[in-house]
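Visitor: Can you keep this structure in mind? I'll have questions shortly.
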Amino acid sequence: LNINNQLPTTNNHFMDQPTPQSNAQDDAVPKNEQSLADEYLAGWKRATADYANLKKETDRLREDFSKYAAMSVIIKMLPVYENLCKAAGHIPSESTEIAIWKQWAQGVTLTTAQFENILTQIGVQKIDQLGPFDPMLHEAVMSESKEGVESGQVVKILELGYRLHDRILRPAKVVVTK
């Protein structure tokens, strides 16, 4: 409408000007916002790649750890193994003097003590208690009646049990009273 509340005619100067073309750049995000979005996208892609690499490295380290976890224990046990091999290779013959048999037995006893010392160093403890039956520590394989002993008592250990720190490696196999 013009000043006189009339509709504009074709002679109107607004009509003489070309209508602005719809430009795709005008509809798009402004350049500074687009560059900021590109920067965020690139950062996100780098962070995603970094995370994938970290995950691969962690998996590799975990695999290596589990693969070589027993290495320090094996290193400690190798001398025991070697001593047992030496003992097995030097078993005295039946006709040998008793003194040589005693020396051989003493060597085997020392090797056993060496092995027990290594087990203690790495946190292995024997389960060898007599007394009340504990299903967390004992596996009852037999029961027997025994005068003067109340029911549910461990009276004999058939096979030692072992624990590593607070975990049971193997329960002790025991005889329990009825």
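Visitor: From the square roots a ≥ b ≥ c of the eigenvalues of the alpha-carbon gyration tensor of the stretch 48-178, which class results: rounded (a/c under 1.5), prolate (a/b over b/c), or oblate?
Guide: Details: a/c = 3.93, a/b = 1.22, b/c = 3.23.
Judged from the Cα gyration tensor, the stretch 48-178 comes out oblate (a/c at least 1.5, b/c at or above a/b).
Visitor: Restricting to DSSP loop positions (anything but H, G, I, E, B) with no more than 11 other Cβ atoms inside 10 Å of their own Cβ, which GluC sites (Glu not before Pro) remain in the stretch 70-178?
Guide: Glu94, Glu97, Glu147, Glu150
Bear in mind that the values in this text are calculations on the coordinates, not laboratory data. This is a predicted model, so every value here is computed, not measured. Every residue, glycine among them, receives a Cβ derived from its backbone with ideal geometry; neighbour counts consider all protein chains shown.
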